[in-house]
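Report on one structure; see the data block that follows.
The values are calculated or read from the model by the stated rules, or taken from the named source; none is laboratory data. Treat the numbers as computed from the prediction; the structure is a model and nothing was measured. Neighbour counts run over all protein chains shown; Cβ positions are idealised from the backbone, glycine included.
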Amino acid sequence: MAMRIKTWGDFKRWCEVRHLKALPAHPWTVAAYLRWVERRQDAVAARTALNVISRAHLLKSARVPERHPTVQSTIDLIERRAETQAQRSNLFDDDLLTDAPPPPPKEAEQEPTPKRRVLAAQPRLKRKRPG
């Protein structure tokens, strides 16, 4: 019970920060929140969040976001990605990502940047000489 209240509170705060309506929530809002949860936690947490959000909507309004095609395809994608996580390889080695970046070159090592000539937006006007 406490977990449901916390999950619903997290969703409400997420919506408030983004100036979105939590109840009734637009299906896009629910789908975006599920992706946000997936990136920070996992697919199980996203499914739990969807169940809590759907229950709150069922109790307070007639619309249940879980049935909307956008939300359904989002949660399916999240769960499919979780199932295939072990089969995918990392793009970079972990040690490459954890090492500090190389220090920037010192000023003496940097080549001076050549000055560029910039064309004016309007031509210069020249005065006519009296003649």
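Among all positions in region 74-87, there is at least one residue which is closer than 19 Å to A22 by Cα and at pLDDT 80 or above. Flag: A82 does not match the condition of being in a helix (DSSP H, G or I) and buried (at least 21 other Cβ atoms within 10 Å of the Cβ). Out of everything in region 31-66 that is surrounded by fewer than 12 Cβ atoms within 10 Å (Cβ to Cβ) and either in contact with a Pro (Cβ under 9 Å, 6 or more places away or on another chain) or in contact (Cβ under 8 Å) with a residue 60 or more places away in the chain (or both), what residue ends up being nearest to I5 (Cα to Cα)? Only one residue tops the list, namely K60. For region 13-30, a residue qualifies if it is surrounded by 15 or more Cβ atoms within 10 Å (Cβ to Cβ) and not in a loop (DSSP other than H, G, I, E, B), and the qualifying residues are W14, C15, P27, T29, V30.
For region 35-70, residues that are under 20 Å from the mean Cα position of the chain (by Cα), in a loop (DSSP other than H, G, I, E, B) and of a type outside the set (D, E) total 1. Filter region 57-73 down to the residues that are aliphatic (A, V, I, L, M) and out of contact with any His (no Cβ under 7 Å at 6 or more places or on another chain), then identify the one that is modelled with the highest pLDDT. Among residues in region 57-73 that are aliphatic (A, V, I, L, M) and out of contact with any His (no Cβ under 7 Å at 6 or more places or on another chain), the one modelled with the highest pLDDT is V71.
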